[in-house]
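**Student:** Can you read through this structure? Questions will come right after.
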Amino acid sequence: MATEALAAATPRDNVSLMQYCRTYAEFARMGFVDTLAYRLRYYTGIVTYFIYVSVYYFIWKAIFAHSSRIEGFDFSQILTYVSVGWIIRSFYFNNIDQDLANQVTEGTLVMNLIKPVHLESAMIAQALGQSVFRLALLTVPTAIALLLVYPVRRPASTLHFAVFFVSVVFSFFIVAGINFAVGTLAIRLKSILGLLRAKYFLLELFSGLLLPISFFPAPLQKLLALLPFQYISYVPVLLYLGKINGRGIIRALGAQFLWVVAMLALGDWMWRWSSRKITIQGG
């Protein structure tokens, strides 16, 4: 069964690029349409994200009452950092790991195994469709609400905004690759609820969402420089603020793209490794 599942998970060599793209574009469309059923969730999400930023606003306001600059950030910059960080999180966030874990426990994974598609590509495409939906119904409204209430800075320049946008798209694929890799562990571990909770917290901490990485101890900064997490939130927001310039932009986007490839490859390898011992439960 593992061999058959593995074969089914590999795209056919004779399928043209156009047909391949059309197939996964359909998965993206399905993700977009399925999310329409949960529109109310995103209305409340706007309020939730606004509250998150508001809490950080008062915390940082109290901290900067005793100093004009901390680790290269003034109050205006740190407020923008926090606001933009939560805004882009509403786009790159996805539940691929939880969805895959649910498919394992509910026994519905078998339905994906019999499809002649690459499972990782299919799930990421579906998550991308959901993110595009959230972009319109959650990300943009949240950005507008924050811009109207708080003095959030505009992008440093048109160039910085353009590379920021590209970087955020890369962030989505890094998170998607990590989540798929984690989700495959459900095949062998059966229940990964505790792992998902730990991953959720560590990802937000080490990505720089909760606190700029430049605030971390120097040894931890050096360690995180060798890992992909800073490219999820920290680097995109620095690009937005104009704290990365010139060749640094090329190096940042280049490194981020390499991590995209590495995380997607890791997810694919984890799937191949985990799918050797699939046990279907439930349904």
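**Student:** Taking GLY107, is it surrounded by fewer than 22 Cβ atoms within 10 Å (Cβ to Cβ) and either in contact with a Lys or Arg (Cβ under 6 Å, 6 or more places away or on another chain) or not aromatic (Phe, Trp, Tyr) (or both)? Step through it out loud before you land on a result.
**Tutor:** Values: surrounded by fewer than 22 Cβ atoms within 10 Å (Cβ to Cβ): yes; either in contact with a Lys or Arg (Cβ under 6 Å, 6 or more places away or on another chain) or not aromatic (Phe, Trp, Tyr) (or both): yes.
So GLY107 fits the description; yes.
**Student:** Run down ALA162, ALA127 and say which single residue is farther than 23 Å from MET270 by Cβ and hydrophobic (A, V, I, L, M, F, W, C). Please lay out each step first, then the result.
**Tutor:** On the way: ALA127 fails: farther than 23 Å from MET270 by Cβ.
Answer to the selection: ALA162.
**Student:** Kindly indicate whether any position in region 135-145 is within 30 Å of ILE249 (Cβ to Cβ), modelled with pLDDT of 95 or more and open to solvent by less than 10 Å² (accessible area, probe 1.4 Å).
**Tutor:** No, region 135-145 contains no residue that is within 30 Å of ILE249 (Cβ to Cβ), modelled with pLDDT of 95 or more and open to solvent by less than 10 Å² (accessible area, probe 1.4 Å).
**Student:** Just checking, which of VAL53, VAL33 is at pLDDT 90 or above and part of a helix (DSSP H, G or I)?
**Tutor:** Details: VAL33 fails: at pLDDT 90 or above.
Sole residue among the options that is at pLDDT 90 or above and part of a helix (DSSP H, G or I): VAL53.
**Student:** Just to be sure, is ASP99 out of contact with any Ser or Thr (no Cβ under 9 Å at 6 or more places or on another chain), in a helix (DSSP H, G or I), charged (D, E, K, R) and more than 24 Å from LEU195 (Cβ to Cβ)?
**Tutor:** no
**Student:** Separate question: One residue is enough: does region 172-179 have a residue meeting the conditions open to solvent by 40 Å² or more (accessible area, probe 1.4 Å), modelled with pLDDT of 95 or more and within 21 Å of GLN230 (Cβ to Cβ)?
**Tutor:** Residues of region 172-179 that are open to solvent by 40 Å² or more (accessible area, probe 1.4 Å), as a first pass: 173.
Narrowing the set further to residues that are modelled with pLDDT of 95 or more leaves 173.
Remaining after also requiring within 21 Å of GLN230 (Cβ to Cβ): 173.
For region 172-179, residues open to solvent by 40 Å² or more (accessible area, probe 1.4 Å), modelled with pLDDT of 95 or more and within 21 Å of GLN230 (Cβ to Cβ): present.
Conditions tested, residue by residue: (1) of a type outside the set (Asp, Glu); (2) farther than 28 Å from VAL182 by Cα; (3) assigned to a helix (DSSP H, G or I).
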| site | (1), (2), (3) |
| --- | --- |
| PHE64 | yes, yes, yes |
| GLN77 | yes, yes, yes |
| ILE87 | yes, no, yes |
| PRO116 | yes, no, no |
| SER121 | yes, no, yes |
| ALA127 | yes, no, yes |
| ARG134 | yes, no, yes |
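**Student:** Take region 78-92 and flag every residue that is closer than 17 Å to PHE170 by Cα and in contact with a helix residue (DSSP H, G or I) (Cβ under 7 Å, 6 or more places away or on another chain). Give the steps one after another, and end with the answer.
**Tutor:** Filtering region 78-92 for residues closer than 17 Å to PHE170 by Cα gives 84-92.
Correct list: VAL84, GLY85, TRP86, ILE87, ILE88, SER90, PHE91, TYR92.
**Student:** Among (1) over 30 Å from SER76 (Cα atoms); (2) polar (S, T, N, Q); (3) part of a helix (DSSP H, G or I), where does SER191 come up short?
**Tutor:** Condition (3) is where SER191 drops out.
The values are calculated or read from the model by the stated rules, or taken from the named source; none is laboratory data. Remember, it's a predicted structure, so these values are computed and weren't measured experimentally. Cβ atoms come from the backbone with ideal geometry, glycine included; neighbour counts cover every protein chain shown. Side chains included, ligands, DNA and RNA excluded: accessible areas come from the protein's heavy atoms. Shrake-Rupley method; radii C 1.70, N 1.55, O 1.52, S 1.80 Å.
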